[in-house]
Structures are given as C-alpha cells and as structure tokens.
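> The structure under discussion is supplied below as structure tokens; questions concerning it will follow.
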Amino acid sequence: MKVYEVGGAVRDALLGLPCRERDWVVVGSTAEDLLALGYRQVGRDFPVFLHPQSREEYALARTERKVGRGHTGFSFDASRAVTLEDDLRRRDLTINAIARDEHGNVIDPYGGRADLDARILRHVSEAFRDDPLRVLRTARFAAKLKALGFRIAPETNELMRRMVGDGELETLVPDRVWQETEKGLATGRPDVYFEALRDCGALASVFPEVDKLFGVPQPQRWHPEIDTGVHTMMALKLSADLTGSVAVRFAVLTHDLGKAETPQVLWPRHHGHGERSVTILRRLSTRLPVPNRFQTLAEHVARYHGLVHRVAELRAGTILDLLTAVDGLRQPVEGLEEFLLACEADARGRAGLESRSYPQADLLRRAQHAALQVNAAAVQNGALEGERLGEAIRQARIAAIARIMQ
C-alpha cells in the first residue's frame with residue numbers, strides 16, 4: 001500500500017499558497033484493508049475514508065467510466081490494480097493532477113507543473129467532458145487564481161463550450177450548481193466566475209437571469225458603461241474589494257435583474273425595475289437552494305438601492321421607513337451594514353466612478369443612530385400605550401432624523 005498527497009494541497013504548496021486541508025490517495029489497497037487499519041468509510045458513492053488519527057480524507061485510487069448523463073453517471077474501479085497515474089488522469093485540470101509522495105517527491109505525469117508556471121487552466125484529458133460540474137469548477141478556479149494571472153486554455157474553453165452545446169449542464173442538480181456558485185462568489189474575483197461561464201455559453205444555462213442582462217442599455221448619464229451586464233460585473237468586482245461577505249456579493253449580483261424584463265421601447269430607462277428584480281430573484285431562489293439570509297438581503301438591495309442613492313433628498317419619515325424596511329432598527333448591525341455595502345458597490349461599480357466616495361452610507365448610519373436613541377422610555381408620559389405610544393415613538397424618531405439632516 002502506498003499513500004500520496006494529491007489535489008489542491010499539492011497545487012497550492014507549489015504556488016506558495018496556504019493549505020487549508022489535505023487529501024490523500026491510496027494505491028494498492030482495498031476498502032477491507034483500510035477498515036482493518038481503523039479507517040472509517042464515509043463515501044457512499046466513492047471509496048473515501050477518514051484516517052483514524054488525523055481525520056483527513058483518504059480515497060482509494062480509482063478509474064471511472066461514463067455510463068449515463070450528468071455528474072453521477074459513472075461506474076468506477078477501485079481495485080489494487082489501479083495505478084497513481086490512472087487515478088490522476090481522471091481528474092479535471094492538470095494543476096489538480098499532481099501528487100507528492102511521503103518523501104516530498106512530486107509526481108506529475110500530465111504537465112501540471114508546467115501549467116502552473118504558465119498560469120494555465122487546462123483539462124487533463126477528454127474525460128473532462130464526462131462531468132458537467134467541471135465547467136463550473138473551472139470557472140471557479142479561474143476566479144480563485146485570477147490574481148496570480150491564471151486563464152483558461154483555449155482548448156479547454158472550447159471543450160466546455162461543446163459540453164454546453166450537448167446539453168450536459170442541464171443535468172446538473174440545483175444543489176451542486178449553488179455549491180460551486182457560492183464558492184465562486186467567495187473568491188477574490190467573483191466576477192471572473194460568471195464571465196468565464198458566459199465565455200463558454202454556460203451562463204445562459206445555469207444563470208439565465210444574469211445572462212439576459214448583457215446587451216441591455218442604461219442611461220449613460222448614470223452608467224457610463226451603459227451595458228447592464230457589464231455594470232453588474234463591475235459592481236460584483238467592487239463588492240469583493242469592500243467585503244468578504246458572500247451574502248453581499250450575491251445581493252450585488254442580483255440587484256438589477258429586473259432590467260432584463262424592461263420592454264425595449266422604454267430603453268434605456270428602467271422604471272420599476274426594483275420590484276421586477278425581486279420577482280425574478282424569488283424565482284431564482286426557488287430553483288436554487290439560496291440561503292434565506294442571502295435572499296432577504298438581496299431583496300432589500302434590489303428593492304431599495306435606488307432610494308439609498310438619493311437619501312439626502314428624502315424626507316425624514318421616508319428615511320425612517322427605509323431603515324425599518326431593511327431591518328436597520330430591529331437588527332441594527334446585520335440589518336444595515338451589509339445592505340449599505342451592496343448599495344455602495346452598485347454606486348461605484350460604474351465606468352470611471354470606481355473611486356468616488358459614497359456619503360449616502362454614512363448619512364444613513366447617522367440617521368439609524370439618531371433613531372435608535374429614541375425609545376419608549378424617552379417618550380412615555382404615563383398616558384400613552386399601544387398604537388398611540390408606537391406613533392409617538394415614530395414621530396420622535398422622525399424628529400431626531402430631521403435634526404441630523406439639517
């Protein structure tokens with residue numbers, strides 16, 4: 001039995017990146033051997049085991065054969081006869097098909113180190129096309145490694161395009177699409193994830209709501225970049241500079257979905273696009289397992305971001321209603337900060353406006369602080385209760401907000 005370190009840990013070590021977790025492949029062994037040594041089997045579909053001490057994952061070397069559509073349509077062989085090279089050949093990208101033995105020697109039968117040096121994401125073999133999830137994974141690696149200069153090889157992009165054309169992505173289950181997308185949103189360049197999917201035609205399959213934004217014009221006065229899809233990618237890129245919150249990034253991605261359904265005769269104006277965006281967002285969140293918190297924040301941003309941009313023009317009562325609507329009073333921290341970050345990304349994610357300030361956020365924070373200083377004890381005179389007390393608190397908060405707006 002021989003054990004090799006494989007996959008992302010080896011790749012990241014060669015790139016000088018920190019390693020979060022390690023995976024191992026076992027050659028020349030069987031499930032019975034590992035169970036006898038105290039390993040615990042966790043893989044129902046594949047022979048994966050947990051080490052009795054480290055709890056790290058050890059998988060038996062295996063080969064795969066396509067027997068049906070989708071990412072589950074495989075039969076596999078995990079016998080003692082499967083070699084390390086056999087196991088590495090079934091992997092997605094050459095940079096993920098590198099192994100390291102117990103002495104630190106690198107085994108690289110498919111040119112992964114050369115592609116690391118060249119900053120290329122290239123498929124190992126035509127077996128790449130057997131698993132449609134690899135299209136999303138490759139887009140995610142393009143986003144994750146963009147800062148290091150990585151790009152998808154033309155031949156790999158063409159293979160991905162053929163997979164899209166064959167309808168393979170239609171077999172992906174919603175959970176897997178969302179898992180990869182959530183990871184893509186968490187990278188340093190989430191915009192690259194969606195741009196890579198669009199470049200091979202996959203965006204129309206997995207996120208048609210976003211794909212439809214490209215080519216939809218906006219008023220040049222407010223959006224020098226004009227194209228709604230381009231603006232969405234610019235705002236998404238900027239959101240990654242502002243925060244690591246995936247919820248914020250998702251809200252930015254979906255904040256303008258309604259513009260895709262504006263009748264062309266009304267272009268480039270998009271009156272009422274906020275409510276249309278909420279409707280589309282809810283359909284998207286029904287199709288994919290979007291966390292409730294993500295959906296709630298995204299709905300707030302879609303519905304109210306335009307109001308925030310002109311907050312200095314609003315009446316104090318309208319500002320109070322806005323704060324209440326986005327949970328800025330019931331959940332002072334969580335309810336407002338992420339919301340404001342998404343609005344700022346939208347305002348600055350525009351051609352030539354990326355460096356401008358966003359004083360609207362600070363103004364709303366001050367209004368929130370003023371409103372929160374007012375409570376029942378501050379207005380209670382012993383005679384008020386129920387609705388009358390609630391209205392008195394509301395009026396006191398409006399007055400407090402009005403004072404800071406002067």
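> When the C-alpha atoms of the range 134-199 are aligned to their principal axes, what extent does each axis show, in angstrom, from largest down?
32, 28, 14
> V48's amide H: which non-local residues (gap 5+, or another chain) put their own amide H closer than 5 Å, with H modeled 1.01 Å from N in plane and none for Pro or chain starts?
V42, G43
> Continuing with this model, one more query. Calculate the spin-label point distance for R330 paired with V173, positioning each point 7 Å from the Cα along the beta-carbon direction, and give it in nanometres.
Reported label-point gap for V173 and R330 is 3.4 nm.
> Now a separate question. Run the numbers for V265 and R283: contour at 0.36 nm per residue of separation, minus the present Cα-Cα distance, in nm. Please report the intermediate quantities before stating the final value.
Working: separation 18, 0.36 × 18 = 6.48 nm, distance 2.50 nm.
Contour length minus Cα-Cα distance gives 4.0 nm.
> Which value in Å is the Kirkwood Rh of the chain over different Cα pairs?
On the way: mean 1/r = 0.0415 Å⁻¹.
For the chain, inverting the mean 1/r across all distinct Cα pairs yields 24.1 Å.
> Mind listing the long-range amide H neighbours of I107? Cut-off is under 5 Å, sequence gap 5 or more, other chains count too, H placed in the peptide plane at 1.01 Å from N.
A99, R100, D101
> Still on this structure, please answer the following. Ordered by residue, what ³J(HN,Hα) values in Hz, to whole numbers, does the range 104-117 give under the Karplus form 6.51 cos²θ - 1.76 cosθ + 1.60, where θ = phi - 60° and Gly and Pro are x?
Along the range 104-117, the couplings run x, 6, 8, 10, 9, x, 10, x, x, 5, 5, 6, 4, 5 Hz.
> Can you order the peptides 140-146, 247-253 by their average number of other Cβ atoms within 10 Å per residue, highest first?
Values: 140-146: 23.0, 247-253: 28.0.
Highest mean packing first, the order is 247-253, 140-146.
> What percentages make up the Cα-Cα pair-distance distribution of the range 1-131 when the bins are 5 Å wide from 0?
Result, from short to long distances: 2, 11, 19, 23, 21, 15, 8, 2, 0 percent.
> Moving to a separate point now. Within the range 16-53, find all residues whose amide N lies under 16 Å from a label point positioned 7 Å from the Cα of R113 along Cα-to-beta-carbon.
Residues passing the 16 Å test: 16.
> Turning to a different aspect of this structure: 7 Å from Cα along Cα→Cβ at both A36 and Q220: what's the point-to-point distance in nm?
Label-label distance for A36 and Q220, simple model: 7.7 nm.
> Report the antiparallel proportion of the DSSP beta bridges in the chain as a percent, rounded to a multiple of 5.
Values: 20 of 26 bridges.
Here the antiparallel bridges make up roughly 75 percent for the chain.
> Can you check what the net charge comes to around L340, using other residues whose Cβ is under 11 Å from the Cβ of L340 (Lys, Arg +1; Asp, Glu -1)?
Numbers: positive: R365; negative: E337, E338, E344, D346, D362.
Net charge around L340: -4.
> Just how far, in whole angstrom, is the range 76-125 from the range 350-367 if you go by their alpha carbon centroids?
The range 350-367 and the range 76-125 have Cα centres spaced 47 Å from each other.
> Given N residues in the range 267-399, what is its alpha carbon radius of gyration divided by 2.2 N^0.38 Å?
Numbers: Rg = 17.1 Å, N = 133, 2.2 N^0.38 = 14.1 Å.
Normalised by 2.2 N^0.38 Å, the Cα Rg of the range 267-399 equals 1.21.
> Computed over the Cα atoms, what is the radius of gyration of the range 220-310 divided by 2.2 N^0.38 Å, N being its residue count?
Details: Rg = 13.0 Å, N = 91, 2.2 N^0.38 = 12.2 Å.
Taking the Cα Rg and dividing by 2.2 N^0.38 Å, one obtains 1.06.
> Compute the signed sum of charges (Lys and Arg +1, Asp and Glu -1) over the other residues within less than 12 Å, Cβ to Cβ, of R356.
Numbers: positive: R348, R350; negative: E344, E354.
After counting each charged neighbour, the total is 0.
Here, each number is a calculation from the coordinates, and none is a lab measurement. These numbers were taken from a predicted model, which means no experiment stands behind them. Please note: Cβ atoms are built from the backbone with ideal geometry, for glycine as well, and neighbour counts cover all protein chains shown.
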